[in-house]
Amino acid sequence: MAVYTQTKSYRTRAHMGMIDVTEDFQAAVSAACREHGIKSGIITGFTTGGVAGLTTLEFEPGMVYHDLKAALDVFSPYKDERGRVIHYEHHNTWHDDNGSSHIKSALLSPFITIPFVDGRITIGPWQNLTLVECDTRDRHREIVFQVMGE
């Protein structure tokens, strides 16, 4: 079984900024197929850092700019109704303000695995692979793509 690894960097936007990384997953699979002659297998993407995640969603404005953030804010809001940052115990350890970010990213996942067949990732027509920044600041993130197959 061949293994191919590639890393790509991204600049993310704070508070649930999202980047469609579908084409980057496909590009890693295509490179692995070219370099190692594999046709089918799996690709795993893993994002580094404690407060970002990878997921699938329909990458459309309502979801990207409102709906997912609103849903995750139910579980871990950043500010209260008066606009004050909500205190989380995490803030006591590092004296920062991103406790809600850690909860959001834990509800997502830092990795996602997708099968590919004949060199093409097997996602649906409205299913985009998405990098989600949960932190309270813009960040530099990396995704490590690892392709395994034969």
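The values are calculated or read from the model by the stated rules, or taken from the named source; none is laboratory data. None of these values were measured; they are calculated from a predicted model. Neighbour counts run over all protein chains shown; Cβ positions are idealised from the backbone, glycine included. Surface areas here come from the heavy atoms of the whole protein model, side chains and all, with no ligands, DNA or RNA. Shrake-Rupley method; radii C 1.70, N 1.55, O 1.52, S 1.80 Å.
For this structure, a couple of remarks:
- (i) 14.9, 50; (ii) 17.0, 58; (iii) 15.1, 42, with the label sought being that of the calculated Rg and Dmax of the Cα atoms in Å: (ii)
- Segment 53-116: C-alpha gyration tensor shape, a/c 1.5 cut-off, then a/b vs b/c: oblate
- Vicinal HN-Hα couplings computed from phi for segment 55-67 (Karplus, 6.51 cos²θ - 1.76 cosθ + 1.60; Hz; Gly/Pro x): 8, 10, 6, 7, 7, 10, x, x, 6, 6, 9, 8, 4
- Segment 76-150: trypsin sites (Lys or Arg not before Pro) falling in loop per DSSP and having at most 12 other Cβ within 10 Å: Arg82, Arg84
- Only DSSP H runs of four or more residues enter the estimate; each adds -39500 (n - 2.57), and after division by the residues of the chain the mean residue ellipticity at 222 nm equals -7000 deg cm²/dmol.
- Scalar couplings 3J(HN,Hα) for segment 124-130, obtained by applying the Karplus form with A = 6.51, B = -1.76, C = 1.60 to θ = phi - 60°, are x, x, 10, 10, 10, 7, 9 Hz; x denotes Gly and Pro.
- Apportionment of accessible area to carbon and sulfur, the chain, percent (1.4 Å): 55
- Sparse packing (at most 11 other Cβ atoms within 10 Å of the Cβ) combined with a DSSP loop state is found for the following chymotrypsin sites (Phe, Trp or Tyr not before Pro) in segment 98-148: Trp126.
- Heavy-atom accessible area per residue - segment 43-136, 1.4 Å, Å²: 54
- Less than 5 angstrom separates the built amide H of Gly17 from those of Glu133, all sequence-distant by 5 or more or on a different chain.
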